[in-house]
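The structure under discussion appears below in the form of structure tokens.
The values are calculated or read from the model by the stated rules, or taken from the named source; none is laboratory data. Given the structure is predicted, the values throughout are model-derived calculations rather than measurements. Cβ sites come from the backbone with ideal geometry, for glycine too, and all protein chains shown count toward neighbours. The area values use the complete protein model at the heavy-atom level, side chains included, leaving out ligands, DNA and RNA. Shrake-Rupley method; radii C 1.70, N 1.55, O 1.52, S 1.80 Å.
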Amino acid sequence: MVLFFSQNDVPSFTKRLGPAHIDLRAWPPLTYEAASWPTQARIEQQVDRDYGQSVTTTRKIPSGKVVVEEHPQVMLLEQSFTFHRCSHCFRKNTSVECRNRHCPWNLYYCSSRCEARHWTSVHRWLCRFPELGKYFDMKEGSSYNAGLTVMMMQAYFTNNQSRMPGLVSNLGKHKAVDKNEYRKKASLVASILNIVRDSAVDELMEIQGQLRCNILAIRENNAVLDGVTEQLGKAVYYSASKINHSCDPNAIAFFGVEQKKDPTLLRIRASRDIAAGKQVCISYGLLACKHALTRREEMKELYFFMCNCEACQRSDVENPASHIYQCQYCPAGKLGYGELRCNRCNRPIDWARIATLEYQAEALMEEGKYVKALSFQKQIYHRHALPWGEALDKVAEQFARRKDYATAAKLVIESLDAVSHTYGEVSIEVSRELMKLSTLLFNIPSPALAQQYVLQAMHVYKALGLDEQIPSEFDELEQMRIALQDIVSAPTQVPTATNNIIATNGGNNDTTSNESRPKLKKKTKKSK
């Protein structure tokens, strides 16, 4: 634990206390907009022995529909964004400063209303104590730790000096050393702010446990790097936090609404049809398709429960996260690292050869020689494995930079196959690949194939609710569809094999380095 102060410093800190610290109630009382549960997706909250609190449907929820929409009750902007975004609502506007002209926190707001709400909820008591914003808990360097003192105090003050209602802390399952740190921190902060309630330390300890179990990272698509998200901050949503985890979730968390430019607004959307009486589940960060079964231990370490979702119970099934290698003898063989024999042809596996090829491929990738690296990766990775799809994507990006959109499209078609087998045909990852592929095909003379993938992309967007979540992208697809429908003639085929690309280039034309690259997507023109 990194401390910027100790109990010995308390007397000097108490000299900074002001009139606001006489009454620690938020005044005027803050009101929060209640979570919205759409009528076609009525939700009942239940408690059972296996799942604790959960959200269960009482009616069928179609894929893409909003399950719950909610603004956070406790939030914290990442420090790197404090000069560019509002410290309360995270919007891109910093025209208002803290009412205290000598505020040492360097906080900015988009409006006087946001400044007032942040002041009333927490900052009025912390304004004179910037050291509290530098308090790190437990493991240094963890993204969980930074700034949690501020969130702890915001939760405490806005709930009338009490814990957050209805949220679990699992405090009894935390390590003894961690609980000792919680108590030490709670005692120290209570002393500094002159919080004299008998229950204050216990309440602050409970809140720390609640934060550790219920925080969500607020993410936003990077405006420059296509497909890359960046973490704007952390938040707690009192209703949505009751939705449980699954490694194969049936719902997805989205942040922000494009038209409203509201980064903290959380929408949970069904990613497939959810039958009546079924739990609504999201992923807390670990997915069966990307992470091996060791994820269960990670979930227990992070959230204090052993995941028993259906994906975790299917331990005998080939895991896409670990079974990524291709058998040298049969195309059907899909291997996990270290397996001595192929489970299809039963032949022994030469792992020394695979390791050598993999090392050589990684070295070439670091040098930016993606086409040559692809020739090595094709020998070791299964065609449905995610590493193979990612390798294809990198080479496709190289050809797109050269404006060779036809070759780039061939590679993305193969990449799409790997991504679909990993994440499923209706997934966020597939939607990104289809958008990329539609844009590439639209810019080459292949109208029939372009139309095919544009329609497929629109289907996936609608199934996930992306037509409502990201309407500008869906409008772009619609413009492509309209432009293509009048010119489609005989179907045009684009070969999907990479052999000719590897043979033709052989890595000799690799000119792409590891420097940042422009997006693949090219803006489409509106049809007249």
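Take the residues in the stretch 251-270 that are open to solvent by 20 Å² or more (accessible area, probe 1.4 Å) and in contact with a strand residue (DSSP E or B) (Cβ under 7 Å, 6 or more places away or on another chain), then tell me which one is nearest to Gly64 (Cα to Cα).
Ile252
Quick check on this structure: which one of Arg128, Arg85 is touching a residue at least 40 places away in the same chain (Cβ under 8 Å), farther than 30 Å from Pro249 by Cβ, assigned to a loop (DSSP other than H, G, I, E, B) and not polar (S, T, N, Q)?
One residue alone meets the criteria, Arg128.
Quick test for you: out of Ser95, Ser36, Ser111, pick the one residue that is out of contact with any helix residue (DSSP H, G or I) (no Cβ under 8 Å at 6 or more places or on another chain), at pLDDT 85 or above, within 26 Å of Ile252 (Cβ to Cβ) and surrounded by fewer than 18 Cβ atoms within 10 Å (Cβ to Cβ).
The unique qualifying residue is Ser36.
Among the residues of the stretch 40-54, is any at pLDDT 85 or above and not β-branched (Val, Ile, Thr)?
no
Return the residues of the stretch 368-415 that are over 29 Å from Phe442 (Cβ atoms) and touching a residue at least 40 places away in the same chain (Cβ under 8 Å); say none if nothing qualifies.
Lys369, Lys372, Ser375, Gln379, Ile380, Tyr381, His382, listed by residue number.
Answer yes or no: is there a residue in the stretch 313-334 that is at pLDDT 80 or above and of a type in the set (Val, Ile, Thr).
Yes, the conditions are met somewhere in the stretch 313-334.
So which helices (runs of 4 or more DSSP H) stay within the stretch 385-467 end to end and still have 1 or more residues that are within 26 Å of the chain's Cα centre (by Cα) and under 30 Å from Cys327 (Cβ atoms)?
Of the helices (runs of 4 or more DSSP H) lying wholly inside the stretch 385-467, those with at least 1 residues that are within 26 Å of the chain's Cα centre (by Cα) and under 30 Å from Cys327 (Cβ atoms) span 386-401, 405-423, 428-442.
Just give me the residues in the stretch 103-125 being farther than 25 Å from Leu188 by Cα and assigned to a loop (DSSP other than H, G, I, E, B), in sequence order.
Those that are farther than 25 Å from Leu188 by Cα and assigned to a loop (DSSP other than H, G, I, E, B): Cys110, Ser111.
Considering (1) part of a strand (DSSP E or B); (2) buried (at least 22 other Cβ atoms within 10 Å of the Cβ); (3) basic (Lys, Arg), say which one Lys185 fails and leave the rest.
Lys185 satisfies every listed condition except (1).
List pairs: first in the stretch 327-351 and on the phi > 0 side of the Ramachandran plot, second not in a loop (DSSP other than H, G, I, E, B), Cβ under 9 Å, 6+ apart or cross-chain?
Listed by first residue and then by second, the contacts come to Gly338/Trp351.
Please determine, by comparing only the residues of the stretch 339-362 that are exposed (fewer than 14 other Cβ atoms within 10 Å of the Cβ) and part of a helix (DSSP H, G or I), which one is nearest to the chain's Cα centre (by Cα).
Glu362
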